[in-house]
Structures are given as structure tokens and as C-alpha cells.
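A.B. asks: Got a structure for you, written out below as C-alpha cells; questions coming shortly.
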Amino acid sequence: MVNTHRKLILNIYCSAIILPQICICSQFTSSSNDQYNENPGVFPVATNGEPFPWRELRLPTKVIPLHYDLFVHPNLTSLDFVASEKIEVLVRDTTQFIILHSHGLEIMNATLQSEEDLRYKKSGEKLTVLSYPAHQQIALLVPEKLMADLRYSVAIDFQAKLADGFEGFYKSTYRTLGGETRTIAVTDFEPTHARMAFPCFDEPLFKANFSIKIRRESRHIALSNMPKVKTIEREGGLLEDHFETTVKMSTYLVAYIVCDFASVSGTASSGVKVSIYASPDKWSQTHYALEASLKLLDFYENYFNIHYPLPKLDLVAIPDFESGAMENWGLVTYRETSLLFDPKTSSTSDKLWVTKVIAHELAHQWFGNLVTMEWWNDIWLNEGFATYMELISVNVTYPELQFDNIFLNDCFEVIKSDSLNSSRPVSKQAETPTQIQEMFDDISYKKGACLLNMLKDFLSEEKFKKGIIHYLKKFSYRNAKNDDLWSSLSNSCLESDFTSGGFCYSDSKTTSNTLTFLEENVEVKDIMTTWTRQKGIPLVVVEQEGRLLKLRQERFLNGVFRDDPEWGALQERYLWHIPVTYSTSSSNAIHRHLLTSKTDTLYLPEKTSWVKLNVDSNGYYIVHYEAHGWDQLIAVLNQNHTLLRPKDRIGLIHDAFQLVSIPSDVLKIVYSVGAQTTEGWNYLLEQYGLSLSGAEKNKILYALSTSKHQEKLIKLIDLGMEGKVIKTQDLASLLYAIARNPKGQQLAWNFVKENWTHLLERFELSSFPMRIIISGTTSHFSSKDELQEVKLFFESLQTQGSYLEIFQIVLETISKNIKWLEKNLPSLRNWLLISI
Ligand code: BES
Ligand code: ZN
């Protein structure tokens with residue numbers, strides 16, 4: 001077949017006992033033809049001018065990795081590393097080349113050995129290496145075809161500088177109390193940065209085992225995913241740590257660190273050794289994290305009924321870290337403020353954040369590490385679940401933190417962005433590294449988690465838990481997609497359901513995924529795809545007429561009203577399967593109904609004075625009460641508000657006002673008042689430099705950014721760009737805070753425009769900080785001129801080839817602000833005049 005792609009889904013029966021080496025194959029879709037041999041003319045050009053034999057962004061699946069032997073030697077003085085690896089691969093289909101990811105690495109040598117060569121200790125055959133940087137790929141050309149079903153070993157020597165930013169294998173620095181600056185080397189790979197540290201099959205589906213060796217100086221220690229097996233002395237006084245081989249895992253979860261950190265350790269009930277590492281001067285701030293991680297690890301092992309499979313778990317506070325934390329298997333890395341707790345300066349909300357982040361990353365050890373999404377389009381399976389599990393675990397381990405409220409707030413937060421037309425569906429195609437990076441947003445995390453919470457409420461906690469355990473066990477050490485989750489949840493009936501007639505499988509022998517809900521057949525998949533494939537949030541409009549309850553659903557769009565000309569078009573083809581719940585004045589019962597059509601009518605079992613929808617705000621929908629609905633609820637609240645449950649009252653306020661967001665931190669306000677005088681501001685800046693508490697530093701930085709003096713704000717930005725006193729990792733939150741200050745709004749925006757290229761030297765375009773900088777300095781604008789200015793700037797970036805989804809979100813937000821002002825300015829003016 002010439003130049004066509006025939007997709008084969010291999011139906012290999014996967015039994016780990018009979019065919020362990022082939023088992024992996026069943027998860028791959030294979031393209032059966034060798035693109036290169038059939039039409040070499042249409043291929044991209046490698047850096048040396050030769051045709052590069054692969055044109056897709058995703059790797060071919062003819063060759064898959066089984067095991068990596070990785071040796072790394074970072075030099076923390078010259079700030080570079082030399083490394084080598086041996087990848088054992090299985091050839092599934094005859095081919096003449098191996099494509100690997102590699103980004104910014106200098107490949108010195110590549111050789112290949114067959115199993116026979118290895119057996120007879122024959123040295124490797126040198127391979128030609130081609131490089132195609134646009135796709136961050138290299139091609140290893142083999143002199144003779146690699147044969148199907150055989151294993152080969154690919155050896156590669158390579159080197160690079162330790163990266164300057166926050167991705168790949170990068171350097172991070174910290175200052176000791178004595179004023180000395182020290183350097184450490186650390187990895188951060190998710191989603192596509194393992195390729196910056198070693199050539200690899202850098203896609204989540206290519207799971208393999210990793211044996212890691214790190215060479216270091218004796219003043220340092222080395223950490224990796226697994227415990228150390230031995231240390232060998234090498235020439236020049238160097239030491240080499242060998243780590244145990246990992247379980248089967250994706251490349252983005254590999255991690256190693258060379259540092260001089262101190263630690264505290266404890267043992268979980270199951271015997272897993274848990275350690276918290278921080279720079280030596282911050283050692284005293286590690287104790288809360290140890291307590292919390294031991295409690296949470298115990299919780300998860302019990303809850304999932306699946307052991308954490310590694311012998312140890314390290315949690316490390318990294319001085320320079322781009323995101324909040326990263327769940328590397330067995331070696332979780334954190335921003336210092338996400339792990340360290342200083343009882344003297346940290347507040348209750350700091351403690352809550354540390355607990356939340358630990359709970360999140362530990363949940364990933366199951367959701368994400370043990371079972372990984374097939375591809376990044378379903379990253380919500382990782383992030384949504386980890387966010388949902390925060391709720392389940394923290395509620396049990398730290399009930400006093402009242403995590404329910406935080407979770408509800410997360411749902412309200414994401415509703416804000418999901419009710420803009422520029423929102424996106426939970427599952428969305430993502431191919432390029434930029435598109436993949438953009439998937440790590442509130443929709444994956446918060447909407448994902450809120451949908452899972454809604455589904456749990458619909459199925460009952462017990463059935464939901466059974467279903468997710470089924471999913472975790474079935475897909476352990478493998479990859480899964482949305483549909484796999486839905487079918488595991490459908491197959492999770494309690495034994496009693498088959499006889500009791502609740503809502504579950506109608507027949508235990510059936511192989512379909514049907515549940516019986518209120519005597520009707522429903523499928524979890526049918527319900528949930530309406531939530532994951534459509535963007536946005538529904539509005540349920542309810543009208544009570546005697547014992548009739550009329551329901552209607554429409555798409556809710558913030559700032560777009562029924563009488564707007566675009567309303568109709570924006571509603572087209574939107575329909576959700578909404579698990580509606582309601583309570584009434586006449587009983588404590590929770591009534592349930594699955595609204596699958598645009599309109600529906602229900603009969604209330606008895607006469608009732610009021611109806612409240614969305615019990616405990618568990619549903620991902622907004623409710624509007626027509627006719628006297630709102631009045632009746634207001635009357636109840638006035639008469640005896642305790643007749644409605646607390647989360648129902650919160651939900652009513654949210655739905656009525658479309659916002660709630662949180663009493664601000666008192667300490668922050670106190671510092672901000674202090675920052676208004678020059679002496680106070682200078683004093684706070686000095687304290688900022690001296691403070692060892694990240695939590696306190698955050699508060700001081702916020703206070704400093706509220707100054708009315710522009711020259712002070714400029715100084716802060718300069719310090720942030722310099723990266724010494726104010727670390728570059730904090731530049732995004734600094735610019736965000738300055739843009740919230742009326743004296744800083746224009747300043748922050750001008751800075752971003754004028755220093756765009758300098759910012760890009762520090763952060764990747766699609767990185768989280770860059771997206772915060774873009775939206776933080778623009779989305780509060782509310783005039784047509786400002787809109788035009790921002791639009792022109794984004795267009796100029798687009799013509800340079802940089803496009804981000806956030807551009808569209810910002811433009812829509814500003815348009816909405818303009819519209820809101822146009823509509824409300826006269827009455828606001830009026831109101832202000834009256835109140836004066
Ligand atoms: N897996 C993410 C880290 C990550 C974020 C990788 C963005 C790639 C891109 C990690 O589990 C995570 O979600 N971290 C959060 C903290 C969490 C408590 C919400 C973060 O970094 O903000
Ligand atoms: Zn996460």
C-alpha cells in the first residue's frame with residue numbers, strides 16, 4: 001500500500017504471565033508502513049541537510065522502550081552535565097530507524113547491539129544520528145533493518161548545560177544564613193521536558209523501567225525515584241550512587257536531584273519510608289510536612305486498598321520551582337511555600353495550602369503514576385482526580401481545615417472562566433508542546449474535580465469509590481482513557497444492588513455499561529460525555545406551579561443575555577445530562593432527577609412552599625428560580641436560615657451573585673498598611689530579603705506591591721527580573737499583584753509589552769507563569785481603547801508565530817468588562833451620587 005496509513009489495533013491477549021514482553025503492545029496503535037522508504041521526498045530536512053525519516057509530532061510505535069539504564073554526572077561548578085544511557089527496545093515491526101525525543105542535548109555517540117551481540121559481548125555498531133529540532137526529535141539510522149519481535153540495546157552518550165529556566169535538568173540556587181550562594185541540580189519533566197535531560201520516548205504511553213546512576217561530589221547527596229542500592233568510589237574523589245530499578249512508568253515521572261539538603265524521616269503504617277528534604281537552614285520547617293504526608297499516605301493506601309508500590313517516598317522543597325509541586329514517582333518536588341511550614345510565621349491558610357498540595361501530589365502516586373492517561377488530551381484524568389482526592393483525603397485526615405469550603409470555592413472559581421465562550425471542553429485535542437502545556441488549567445483541575453464530585457453524588461460515595469478502585473487495579477502500570485473510567489464506574493455495583501433495586505446494573509451478567517437509575521436505564525458514559533466533550537456550564541431554570549415543577553436547561557454565558565442578538569446562536573446544540581437534586585420545605589429527603597432534555601416537568605410528592613435545587617451545591621450547574629422561587633427562598637432565609645443547609649445557602653448566594661472569592665489575610669493587610677510609608681516599605685523589603693519563610697515572603701511581596709509610588713513598583717519589577725532578592729519564580733505573582741494596584745495597572749502592562757523578549761528568556765511562552773503574566777496584566781481592562789491596544793499586541797505576537805488560548809480568553813474578558821460598564825455605569829453613577 002503506497003503512502004497510506006493503515007491503523008492496526010493490536011489485539012494481543014495481554015497476560016503478564018504468558019507473554020510479559022509483549023503485553024505492553026496491546027495499548028499501542030501502530031502505523032504499519034514505513035513512511036520514509038515509500039516517499040523520502042516529502043520528509044522534513046534534518047540539521048545536516050539530509051531528509052529526516054519521520055514527519056509526525058508523535059513518535060512511531062514500531063519500536064518501544066522496555067528499560068533505560070541512565071547515568072548522569074552533573075558538575076555544579078561548570079553548570080553542565082555529561083551522561084550516557086542504554087535503552088533496551090522491542091521492535092514490533094521491521095524498521096530502518098529509531099525516532100527519539102531529544103531537546104537541546106549534544107549527542108556524542110550512538111551505537112546499537114542486538115541480543116546476539118550482547119550475548120557474545122560484541123561491541124555496538126555506530127549509528128548515524130539525524131536531528132530535527134522543530135519536533136524535538138532525533139533519528140537513529142541503522143545500517144541493517146531491525147527485525148520484528150527482537151530486542152536491541154541502543155547506547156547513547158550525550159551532554160548539555162544545566163538548563164537556565166525551570167524545565168529539564170536545571171540549576172537552582174539558594175543563600176545560606178551565612179550569605180553563601182549554593183547551587184543544586186534538579187529535574188522537572190512534565191509534560192514534555194524529559195527530552196531535555198536524556199534522549200527518550202517522551203510520551204506517556206511509552207512506559208518502561210529505569211535504572212539510574214548519578215555521579216557526584218562527596219559534599220553532595222543524590223536522590224532519585226528509588227532508594228539507593230550502593231555507592232561506588234570513582235576517581236578524583238567522586239562518588240557514584242546506584243538506585244534500584246523503578247517500576248514501569250512514563251518518562252515525565254523520572255526525577256533526580258543533586259543537592260546538599262537535610263531531611264527528616266518517618267515510617268508509614270505499611271513500612272514505606274517517608275522523608276522531607278530542604279536546604280539545611282530550613283530544616284526546622286519540614287516537620288509539619290512529615291506529619292501530613294505520613295497521615296495522607298496511610299489514608300490513600302487504605303482508601304484505594306492498593307499499596308504505594310515503592311519502598312520510599314521523598315518530598316523535596318526546591319528553592320527555584322515553576323509550578324506548585326510535581327508528583328515524580330517516589331521523589332515529589334515542591335516549591336518551598338508548598339511544603340515548608342514555619343509555625344512562627346505561617347498562617348492557617350498557609351497550612352491548608354501545604355496540606356492541599358501534599359494531598360494532591362500523593363493522590364497522583366495512584367492517579368497519574370500507577371494509572372496514566374494515554375495522551376495529554378485527557379490530562380484531567382490525572383489533575384481532576386488528584387484535585388478531587390484532595391477533598392476526600394483532607395476531609396478525613398484534617399477535618400478541622402474544613403476543606404469542603406475550599407473545594408466549593410474551586411468549583412465557583414472555574415465556573416467564572418467556564419461561563420465565557422472562550423472556555424474549552426475538559427477533553428481537548430493537544431498535539432504540540434505548547435498545546436499540551438495549555439491543558440494544565442482550571443478546566444482540567446477544577447472542572448475535572450467538580451464533575452467527579454457531581455458523579456460521586458449521583459452514584460453514591462460507596463459505588464463511586466468501588467468504581468475508581470476497579471479502574472486503578474485494572475489499569476495499574478498501564479494507560480487509560482475517559483471511556484475506561486466510565487466503564488469501570490458502571491461496573492462497580494454493590495452486591496446488594498442486584499437484589500435491592502437501587503440504581504445500578506440491572507443484570508450482573510450483562511456486559512453493557514448500563515446502570516438502573518430510578519427504574520430507567522442510564523449509562524455513565526452517556527451522562528459524562530455531555531460534561532467532558534462540551535465546554536461551558538448549564539443554567540437550570542426552575543418554576544414551581546403548585547405541585548408541578550417545570551425545569552428548563554440552557555447554556556449559561558456570563559454577560560450574554562436572552563435579548564442579545566448572539567444568544568440564540570451560542571445556545572445551539574448544547575445539551576447536558578444533568579443530575580438534578582432538590583429539597584423542599586415539606587421533608588428532609590433529597591429528591592433526584594436526571595434532566596436529559598431541554599425541558600421537563602416533575603410532580604412534587606406533596607404540597608410545598610419552597611423548592612431548593614442542587615442540594616449541597618454538588619452539581620456543576622447554576623440555578624435560576626422563576627416566578628416566586630427566589631422570593632420564597634429569601635423568605636425562608638429571613639425567617640430561619642438554618643432550614644437550609646450551609647452549602648445550600650452558599651450556593652444560593654453564588655448563583656445569585658455569580659461570585660463569592662474569601663476574607664483576605666489579616667497579616668497581608670497589616671503589612672500593606674505598613675508599606676504605604678517609605679520607611680515602612682524599605683523595612684519590609686529588607687525583611688523580605690532576610691525572611692526564611694516562603695509564606696511570609698509572599699505576604700510581604702504582596703504588601704510591597706500595594707505602594708502608591710511608581711518608582712517603588714519599578715524597583716520591585718527590576719528586582720524580580722534580576723532574580724536575586726526576588727526570585728524569578730515569583731515574577732508572575734508580583735506582576736499580577738502590581739496590576740491589581742491602580743497605580744501599577746498601566747506600569748505592569750507597559751512593562752510586559754516592552755520586555756516581552758526578556759520575559760521569554762526566563763519562561764516558556766505557554767508556561768503557567770507566562771499565562772498568569774498575560775492575563776494578570778490585561779484582563780482587568782474595561783475600555784475600548786485598552787481592548788484595541790491589547791488586541792494589537794496579541795496580533796503582533798501571532799504574526800511572530802506565538803499563539804495562546806489565553807489571548808482569546810483575555811479579549812473576551814475585556815469585552816465583557818466593557819459591556820458590563822456600558823450597562824451599569826449610569827446606575828452606578830446614580831448610586832454613587834445618592835450615597836454621597
Ligand atoms: N502535575 C502537576 C505539575 C505540573 C503543572 C506539571 C503544570 C506540568 C504543568 C502537579 O501535580 C500539580 O498539579 N501541581 C499544582 C499544585 C496543586 C496543589 C494544584 C501546581 O503546580 O499548581
Ligand atoms: Zn497535579
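A.B. asks: Name, by its number, the condition in (1) within 16 Å of ligand 2 (Cβ to nearest atom); (2) over 20 Å from SER766 (Cα atoms); (3) among the hydroxyl-bearing types (Ser, Thr, Tyr) that does not hold for TYR445.
C.D. replies: Here TYR445 clears every test but (2).
A.B. asks: Quick one: which of LYS535, LYS550, LYS607 is in a loop (DSSP other than H, G, I, E, B), on the phi < 0 side of the Ramachandran plot and modelled with pLDDT of 95 or more?
C.D. replies: From the options LYS535, LYS550, LYS607, the qualifying one is LYS535.
A.B. asks: Please verify whether ALA480 is under 19 Å from PRO191 (Cβ atoms), in contact (Cβ under 8 Å) with a residue 24 or more places away in the chain and within 16 Å of ligand 2 (Cβ to nearest atom), treating the condition exactly as stated.
C.D. replies: no
A.B. asks: Name the residue that is surrounded by the fewest Cβ atoms within 10 Å (Cβ to Cβ), counting only residues in the range 335-350 that are under 18 Å from LYS295 (Cα atoms) and either of a type in the set (S, T, N, Q) or within 12 Å of ligand 1 (Cβ to nearest atom) (or both).
C.D. replies: Here the answer is SER338.
A.B. asks: Under 7 Å between Cβ atoms, which residue pairs at least 6 apart in sequence (or on different chains) link something in the range 177-194 that is touching a residue at least 40 places away in the same chain (Cβ under 8 Å) with a partner that is within 16 Å of ligand 2 (Cβ to nearest atom) and among the hydroxyl-bearing types (Ser, Thr, Tyr)?
C.D. replies: Going by the 7 Å Cβ cut-off, the qualifying pairs are VAL186/THR333; ASP188/THR333; PHE189/TYR252; GLU190/TYR252; PRO191/TYR252; ALA194/TYR252.
A.B. asks: Any idea how many residues of the range 352-378 are aromatic (Phe, Trp, Tyr) and not in a helix (DSSP H, G or I)?
C.D. replies: Within the range 352-378, residues that are aromatic (Phe, Trp, Tyr) and not in a helix (DSSP H, G or I) number 3.
A.B. asks: A further question on this structure: Suppose the filter is more than 20 Å from GLY266 (Cα to Cα), over 18 Å from the mean Cα position of the chain (by Cα), modelled with pLDDT of 95 or more and more than 11 Å from ligand 2 (Cβ to nearest atom); does PRO311 pass it?
C.D. replies: no
A.B. asks: Of the conditions (1) farther than 15 Å from MET389 by Cβ; (2) at pLDDT 95 or above; (3) assigned to a helix (DSSP H, G or I); (4) under 18 Å from the mean Cα position of the chain (by Cα), ARG424 fails just one. Which one is it?
C.D. replies: (3)
A.B. asks: Tally up the residues in the range 40-80 that are touching a residue at least 12 places away in the same chain (Cβ under 8 Å), within 30 Å of GLU217 (Cβ to Cβ) and not in a loop (DSSP other than H, G, I, E, B), please.
C.D. replies: Qualifying residue count for the region: 9.
A.B. asks: Here is a list: TRP380, TRP366, TRP353. Which entry is among the aromatic types (Phe, Trp, Tyr), within 10 Å of ligand 1 (Cβ to nearest atom) and within 22 Å of TYR334 (Cα to Cα)?
C.D. replies: Matching residue, one of TRP380, TRP366, TRP353: TRP353.
A.B. asks: Output the residues belonging to the range 575-595 that are surrounded by fewer than 17 Cβ atoms within 10 Å (Cβ to Cβ) and in a loop (DSSP other than H, G, I, E, B).
C.D. replies: LEU575, SER585, SER586
A.B. asks: Quick check on my filter: what residues within the range 432-453 are surrounded by fewer than 23 Cβ atoms within 10 Å (Cβ to Cβ) and more than 15 Å from ligand 1 (Cβ to nearest atom)?
C.D. replies: If the condition is that a residue be surrounded by fewer than 23 Cβ atoms within 10 Å (Cβ to Cβ) and more than 15 Å from ligand 1 (Cβ to nearest atom), then LEU451 is the only one that fits.
A.B. asks: Report yes if ILE358 is of a type in the set (A, V, I, L, M), crowded, with 23+ Cβ neighbours inside 10 Å, within 13 Å of ligand 2 (Cβ to nearest atom) and under 29 Å from TYR174 (Cα atoms), otherwise no.
C.D. replies: yes
A.B. asks: Does the range 464-476 include one or more residues that are outside any helix (DSSP H, G or I) and at pLDDT 95 or above?
C.D. replies: Scanning the range 464-476, I find at least one residue that is outside any helix (DSSP H, G or I) and at pLDDT 95 or above, so the answer is yes.
A.B. asks: Something else: With (1) closer than 30 Å to SER691 by Cβ; (2) in contact with a helix residue (DSSP H, G or I) (Cβ under 8 Å, 6 or more places away or on another chain); (3) in a loop (DSSP other than H, G, I, E, B) as the list, and ARG219 as the residue in question, which single condition is left unmet?
C.D. replies: (2)
A.B. asks: Starting from the range 629-647, take each residue that is more than 17 Å from ASP616 (Cα to Cα) and list its partners that are modelled with pLDDT of 90 or more and β-branched (Val, Ile, Thr), counting only C-beta distances under 8 angstrom and pairs at least six apart or across chains.
C.D. replies: GLY629/VAL542; GLY629/VAL611
A.B. asks: Go over the candidates PHE412, PHE407 one by one and state the one that is assigned to a helix (DSSP H, G or I) and over 20 Å from THR813 (Cβ atoms).
C.D. replies: After applying the criteria, what remains is PHE407.
The values are calculated or read from the model by the stated rules, or taken from the named source; none is laboratory data. All figures in this text were calculated on a predicted structure; none of them were measured in a lab. Cβ coordinates were reconstructed from backbone atoms using ideal geometry, including for glycine residues, and neighbour counts include every protein chain displayed.
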